[in-house]
Amino acid sequence: MSHDHDDRPQLTAAQAAAVLNPPAGRNGGDLVVETLQGLGATTVFGLPGQHALGMFDALRRSSLRYVGLRVENNAGFAADAYGRITGEVAPLLLSTGPGALTSLAALQEAAAASAPVLAISSQIPSAGLGGGRHGYLHELRDQQASVRDIVKSVHTVRTASQIPSAIAAAWESALTAPHGPVWVEIPQDVLLAETTVPVVSAMDATPRELYPRPELTIAAAHLLSNAERPVIIAGGGVVRSDASGKLRALAEKIDAPVVTTFGGKGAFPWEHPLSLRSWLEDRHTTDFLEDADVLLVVGSGLGELSSNYHTFRPRGRVIQIEADAGKLESNHPALGIHSDAREALADLLEAVERREDPDAAERVRTVLEKVRVRIEAQDLTLEQQVLAAVREALPDAAPSFWDMTILAYWAWSAFDARRPNTMHSAQGAGGLGYGFPAAIGAAAADPTKPVLAVSGDGGAMYSIAELATARQYDLPLTWLIVDDGGYGILREYMTGAFGETTGTELARPDFVALAESFGVPAVRTSPESLAADLSKALAATGPSVVVLPALLRMFEPTHL
C-alpha cells in the first residue's frame, strides 16, 4: 500500500533542527500549550490549582493569552460564550477534584447550547489512579465518571507522548456538529515531568462535516413544495451553524412563516413579514404551529421551552433537521434528517420548488396581533418599557448575555435580537450565574464591541467575584442588575403554586457601592432613565454596572 505524502506539512531546515534538538526544560505542560497553539488557539480560560501548575507555568513560555476568572464555574461560562461568539474552540484549564467539579454546571450549559469548550483538567499523580483511596489531595475515585454524562467525549492521558493526540481528538470532537464541551484529563506528574518529545508543530483537527442523506432531502423538499400551510421552527442549530441566510432564502422561496426558539434568537429577521418572532410560550402561536400541514423544525429538539411545555401537538407532517442524532424524533414523530443545519438548508433550498402564498404574511400578522392583545390585557407596561429601554441602548452588533431572571424570560419571547449570534442566555441548562461571566468571555473574544450582561440580584451574587476579573483585564462590558430583592421568578412560581414563598427573599449588598469597591463605575437607575444610563455605560471604555431597582412580573402562562 502506498501513501501520498505530498499534502503533509514540510519542515524548513530550522524547524527540522528544532525537532531534532528540542529546547531543554520543557515538560508535559509545554506539550499542552504547544498543541493548543498548533491547533490555532489564541485565548485560554481557567483557574490554577496545585496539580495543574505544569500547564499554567507553560503558558508563560507561550503566545497564548490567559483570561483567569475567580471561580471555575464562571471560567466555564466565559469559555462557553467565547465558543458561541467565535465558533472556535475555547480551552478551559482546570485543576483536579474541587476545581474540576466546580466547572460542571457551566459544562452542562455548554452541552445544552452546543458551545465548543475544551476542558483540560489535571489529575492526581499517576501512582494514585485506579480508585485505591490513597488519600491524595483532591482525590476522586473516578474523576471522569463525574463528567461523562455531561460532555461529548472524554480523553485520558497517561504519558506525555499521548498529550498532542488526545487534545487534537478532543478539539475535533468539540467542533464536530453538534458542537459541545469535551474533557481531557492529565495526571500531575505527566504535566511536570521533563520531556524530550519534539516541539508540537501545526496540527490538523478539522471536524467531520455532517451532510444530509440525499433521499431525505428529496422527500422533505417534496413535502414542503406541496404543502398548503408550511411553517418553520428555527432553533439554536441555525445560529450555531451560521445558517440564517439560508433559512431566510428558504422561507421566502416557499412563503413559510418562521418562529425562532429562545436558543435561535436572531436566526430570522424580527420585522420580516413572515416572522412569527419568538412567542413560543403563547397558545396562539402553539395553535398556529399545530395547524401547519408541514412543519419544518431546524436545529431544535422541540424540548420543554420550545414546545410550550410539551403542550404542542402537531397535526401535520414534521420534518426535523438536527445535528444531534439523539434529538431526532425524541419528542415527535418526524422525517428525521441527521445533518448540520447549514448543509441541510442549502440542499433543501436547491431542491424545493417555489410556492407562493399571498395569505402567509396576513396570517402571521393575525397571530402577532392576538399575542399583543393578550399581553396588553395584563397591565405589564413596566416590563415592556424596561425591555424597550434595553433594546434602545444596545447597539445592533453588540452581544448580550442573559441570566435566568424575569427580564431574560421576557427577552426570550419579546426581544428583537436584530442580528444572529448576538443574544445568548442560560436557557439550555437553566442554571443561575451565567450572564456576567459569559459577557467576560465575549468581551475577551472581541474587545472592539461593547457587551451587555443582564442578571437579577440573585443570579448576580453568583458572579460578583468576576467584577475583579472585568477590572483586571479592563474589558468593555456593562452589567445590568435588576434588583427585586430575591429570586423573582421562583417567588412567582411559589406564590402561584402554594400561595406563599419559602427561601426566595434575599438580603443583598448595595450593588453600586460594591462595584465601586472593585474600581468599576456604577450607577443606580430607574425605568425612565434606563435607556440613557445604559447607553452611556455601553459607550464608556472598560467595565461598568447599572443597577435597576424594579419588581418585574411575568406574563401569564398559557400551558397550565
Compute the longest continuous run of the chain that contains no exposed GluC sites (Glu not before Pro); treat a site as exposed when its DSSP state is not H, G, I, E or B and it has at most 11 other Cβ atoms within 10 Å. 1-208
For the chain, with only Lys/Arg (+1) and Asp/Glu (-1) charged at the beta-carbon, what is the dipole magnitude about the Cα centre, in debye rounded to 20? 580 debye
Which pairs, out of Lys246/Lys327; Lys246/Lys536; Lys265/Lys370; Lys265/Lys449; Lys370/Lys536, put more than 27 Å between their alpha-carbon atoms? Lys246/Lys536; Lys370/Lys536
Reachable aspartates and glutamates from Lys152, criterion Cα separation under 13 angstrom, eight or more residues apart if same chain: Glu109, Glu172, Asp324
Assign unit charges at the C-beta atoms only (+1 for Lys and Arg, -1 for Asp and Glu), then state the dipole size of the stretch 302-428 relative to its Cα centre in Debye, rounded to the nearest 20. 300 debye
Can you give me the relative contact order of the stretch 372-424 as a percent, contacts being Cα pairs under 8 Å and 6 or more apart? 42 percent
Rolling a 1.4 Å sphere over the protein heavy atoms, what is the accessible area per residue of the stretch 479-560, to the nearest Å²? 50 Å²
I want to make sure I understand the PRE zone here: with the label point 7 angstrom from the Cα of Ala351 toward its beta carbon, which residues in the stretch 324-338 have backbone N atoms less than 20 Å away? 324-330, 333-338
Probe 1.4 Å, accessible area per residue of the stretch 101-204, Å²: 41 Å²
Under a 1.4 angstrom probe, counting protein chains only, how are His559, His424 ranked by accessible area, largest first? His559, His424
Which one, Ile319, Gln385, Ile337, projects farthest toward the positive side of the charge dipole computed for the stretch 299-391 from Cβ point charges (K/R +1, D/E -1)? Gln385
Between beta-carbons, use under 15 Å as the cut-off and find the net charge around Arg70, counting Lys and Arg +1, Asp and Glu -1. -1
Find, among the trypsin sites (Lys or Arg not before Pro) in the stretch 348-424, those assigned to loop by DSSP (not H, G, I, E, B) with at most 11 other beta-carbon atoms within 10 angstrom. Arg354
Let me know the shape class of the stretch 83-193, please: from the alpha-carbon gyration tensor, a ≥ b ≥ c as square roots of the eigenvalues, rounded when a/c is under 1.5, otherwise prolate if a/b is greater than b/c, or oblate. prolate
Quick check: residue separation of Asp359 and Arg508 times 0.36 nm, minus the Cα distance between them. What number comes out in nm? 48.4 nm
Sorting check: for 244-250, 447-453, which peptide has the highest mean count of neighbouring beta carbons within 10 Å, and how do the rest follow? 447-453, 244-250
Can you bin the chain into rounded, prolate or oblate? Criterion: square roots of the alpha carbon gyration tensor eigenvalues sorted a ≥ b ≥ c, rounded for a/c under 1.5, prolate for a/b above b/c, oblate for the rest. oblate
Whenever you get a sec, compute what percent of the accessible area on the chain sits on carbon and sulfur atoms (1.4 Å probe). 51 percent
Lys/Arg Cβ at +1, Asp/Glu Cβ at -1, dipole of the stretch 165-232 taken about the Cα centre: which of Ala202, Ala174, Ala221 is farthest positive-ward? Ala221
Tell me whether the stretch 240-389 comes out rounded, prolate or oblate; compute the Cα gyration tensor, take square roots of the eigenvalues as a ≥ b ≥ c, and use a/c under 1.5 as the rounded threshold. prolate
Calculate the length of the line joining the C-alpha centroid of the stretch 431-452 to that of the stretch 246-300, in whole Å. 28 Å
Mean residue ellipticity at 222 nm from the helices of the chain, using -39,500 (n - 2.57) per DSSP H segment of n ≥ 4 over the full residue count, to the nearest 500 deg cm²/dmol? -11000 deg cm²/dmol
Full-stretch length increase - Leu137, Glu369 - with 0.36 nm per residue and alpha-carbon distance subtracted: 77.4 nm
In the stretch 406-560, with Lys and Arg counted as +1 and Asp and Glu as -1 at Cβ, which of these residues, Gly458, Ala438, Ala408, has the Cα nearest the positive end of the dipole, that is, farthest along it? Ala438
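The values are calculated or read from the model by the stated rules, or taken from the named source; none is laboratory data. From a predicted model like this one, the values you see are computed outputs, not experimental measurements. Glycine also receives a Cβ, built like all others from the backbone with ideal geometry; neighbour counts cover every protein chain displayed. These area figures cover heavy atoms from the full protein model, side chains too; ligands, DNA and RNA do not enter into them. Shrake-Rupley method; radii C 1.70, N 1.55, O 1.52, S 1.80 Å.
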